[in-house]
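S.K.: Dropping the structure in here first, questions after.
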Amino acid sequence: MTAELVRGQNHPLSQSRLEIRISAGTPVAAAAALSDENGRIHGTEWVAHPGAPVQPGLEVSRQAAADHRLAVDLDAVTEAVHRVSVLLALPAANGGAGPARFGAVAAPFVAVTGLDGTEVASYTITGLDLESAVVALELYRRQGAWKVRAVGQGYAGGLAELFADQGLSEAAQLAAGIDEAVARGLARSVQAPPPRTSEGDRSRQAAAPAVGPDQGAAPQGAPGPVPPAYGGQPAGGQGQGGPQPAYGGATGPHASAGGGPVDYSHPRRQTSAPPPPPPAAPPAQPGQPTRPVAGDATGWSMEERLYNQVWGIFEDLARTAAAYRSAVDFAESRMDKELEQALSDPRSRIGGQGDAAREAARARYTQLVDQARASLERDVAQLVAESEVVEPALPPAFARWDNPCWHAYRVPMEIPMALRLGDLRLPEAESIRIPMLLRLPLERGLWIDSGRTDSLDGSFTDSHDMRRLAMDTAVAHAARLLAVYPAGEFTVHVVDPAGSGAQALAPLTQTGVLAGPPAQGAAGVTEVLARLTQRVDLVQMALRGGAPDALPPGFDTSQQLLIVNDFPHGFDDRAVNQLRYLVDEGPSVGVHLMMVADREESAGYGPLLDPLWRALLRLTPVPDDHLADPWVGHAWTYEPPAVPHGSEVLRTVLTQVAEARRTWNR
């Protein structure tokens with residue numbers, strides 16, 4: 001029976017190998033600290049955190065997430081350790097986006113479980129307000145035995161104050177290192193979908209700040225109300241995550257507790273006001289799961305229902321894969337322990353008795369893994385069936401370039417909710433691709449990494465090919481952005497100092513959809529960056545003065561995208577500072593950046609550019625497993641959007657966009 005603890009209450013622990021499960025409802029960083037009988041931490045090596053996730057007897061998550069699983073082996077800690085403290089911190093408290101105090105989010109939930117998922121004790125951390133870091137609970141020695149105590153001690157000064165209170169002399173340095181590690185993790189995370197509002201022009205509602213895990217957090221906060229021309233009012237919050245299930249089972253709204261039919265009503269995707277009813281699913285045959293229907297999630301329109309349904313599939317696959325991986329880890333841990341016990345007895349090391357014990361341990365391992373695999377395959381099959389129904393029904397903004405909907409393309413009259421930037425997949429479920437949808441207007445710039453890399457399929461891509469593929473990918477993203485915005489509401493500028501991207505840019509230049517010819521040379525770079533930074537300054541001054549309509553006559557109120565190729569060639573220190581300014585301040589006033597660059601080539605600028613790279617969402621022109629989901633932090637393989645070979649769909653769509661722009665400007 002689970003002990004539901006209150007602050008200060010303790011409970012005995014009968015197991016040494018444990019798991020700490022954390023559900024916070026918003027991305028938090030998790031750490032674990034070892035301390036002596038007086039509660040003092042003797043050094044940074046006594047703390048497991050995202051920058052150093054493994055310490056003797058401890059393993060924590062490598063990035064911020066709404067849900068965590070921390071591994072603890074009390075037998076592996078040294079005799080000098082008398083306490084193991086579980087620590088939580090809000091990444092946003094140190095300059096990121098999102099909540100900066102625990103009083104603004106749902107109360108975190110912490111549970112201590114055995115390796116088989118059996119819950120030993122749980123604690124809901126209530127009563128927090130201004131605190132941004134908290135000691136959730138501690139495992140401590142008492143008379144040779146271990147116990148767990150609910151602590152809930154918060155610190156308004158964050159991790160630095162927490163570590164200093166526990167006697168760590170390098171408290172500030174360690175806290176800064178954890179912030180840096182969390183920022184790196186957030187930069188690779190796919191942003192979670194924001195909560196939906198119950199009224200207003202939904203096509204112009206901005207996405208929530210990109211906080212991870214995947215989605216990542218832009219380092220700047222969104223300032224104040226913004227008029228619709230610059231992206232609506234930012235919506236805060238994150239998708240809510242709950243405690244994860246026991247090993248071997250699926251999770252999320254699609255999986256039923258007993259492994260029965262899929263529940264496609266998505267109960268966790270409800271809104272506060274009654275939306276239009278989703279399509280009714282056809283009746284299923286007796287004993288068969290419910291047949292999936294496109295758009296059966298809750299939403300105010302078919303577009304929103306499809307958007308929520310895609311995110312539901314994404315979350316369910318993330319959680320069911322986490323359950324499978326946990327089941328395999330448990331099976332391996334159990335087999336190792338059984339083999340260790342068999343070998344520790346000299347009488348069973350040799351002979352038939354030892355062989356039988358080892359065979360039995362391996363048989364139990366195989367049985368557990370097979371059960372987990374069967375559960376995974378069942379859940380994946382259900383998700384594949386839903387995906388096969390959803391994919392053909394997606395609108396152009398959500399669809400692949402080979403979707404027939406592009407043949408009937410017309411320039412839209414409204415801004416869509418989101419944009420597809422590629423596909424995501426996991427190695428456990430190669431049969432399903434999840435559309436990677438990013439909310440509009442953009443809250444983060446994009447970085448198309450042209451650095452040399454080995455593709456996941458084993459083929460080698462040299463630096464020249466990577467630059468070409470990166471520009472092709474950037475053009476495909478820009479074309480889709482132009483295609484999904486109404487005429488005159490999205491403008492694209494290009495900086496190509498050496499002219500190396502001329503061939504890839506041909507679909508944009510030849511159809512006439514760019515604001516002007518690509519800027520070349522140092523003078524061109526200077527002119528474009530000066531114009532866009534001045535635009536950011538003007539709009540910010542108008543907003544701060546409460547007069548968004550008092551902009552100069554003829555001011556272009558459309559969203560602006562700047563494509564930068566071949567950085568850092570042709571960029572001096574002033575231009576670099578202007579780029580960083582656009583990355584930090586531009587998105588809130590409708591100016592966005594798409595960098596096509598190799599990070600190693602910019603190493604000459606030193607660490608000054610690190611915040612720039614972290615603020616951008618990194619995408620690759622070849623499949624790469626660098627993105628993380630915002631729930632459990634899996635490394636997802638990203639596949640860029642590919643235009644079918646020989647297809648004219650890109651030019652056809654851009655030609656219609658150019659004609660609509662000419663008509664709109666008359």
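S.K.: On average, how much area does the Cα convex hull of region 363-490 cover when viewed from any direction, in nm²?
M.R.: For the Cα atoms of region 363-490, the hull's average projected area reads 11.0 nm².
S.K.: If you plug each phi of region 324-337 into the Karplus form 6.51 cos²θ - 1.76 cosθ + 1.60 with θ = phi - 60°, what whole-Hz ³J(HN,Hα) values come out, in order, with x for Gly and Pro?
M.R.: Once rounded to whole Hz, the list reads 5, 5, 5, 5, 5, 4, 5, 4, 5, 4, 5, 5, 4, 5.
S.K.: In whole percent, and with a 1.4 Å probe on the protein chains, what portion of the accessible area of region 503-661 is carbon and sulfur?
M.R.: The C+S portion of the solvent-accessible surface of region 503-661 is 52 percent.
S.K.: How long is the gain from ALA635 to ALA408 if the chain were fully straight, where each residue apart is worth 0.36 nm and the alpha carbon distance is subtracted?
M.R.: 78.1 nm
S.K.: With only alpha-carbon pairs counted, each pair once and no self-pairs, how large is the Kirkwood hydrodynamic radius of region 583-623 in angstroms?
M.R.: 11.7
S.K.: Moving to a separate point now. For GLN560, enumerate residues with amide H under 5 Å from its amide H, sequence gap 5+ or separate chain, H modeled in the peptide plane.
M.R.: For GLN560, the qualifying residues are THR491, VAL591, HIS592.
S.K.: What is the spin-label model distance, in nm, from ARG291 to ASP549 if the labels are put 7 Å beyond Cα along the C-beta direction?
M.R.: Once both label points are built, they end up 5.4 nm from each other.
S.K.: Rolling a 1.4 Å sphere over the protein heavy atoms, what is the accessible area per residue of region 356-438, to the nearest Å²?
M.R.: It amounts to 44 Å² per residue over region 356-438.
The values are calculated or read from the model by the stated rules, or taken from the named source; none is laboratory data. Here the structure is a predicted model, which is why all the values come from computation and not from measurement. Here the Cβ is made from the backbone with ideal geometry for all residues, glycine too, and neighbour counts use every protein chain on show. To get the accessible areas, we keep the full protein, side chains included, count just its heavy atoms, and leave off ligands, DNA and RNA. Shrake-Rupley method; radii C 1.70, N 1.55, O 1.52, S 1.80 Å.
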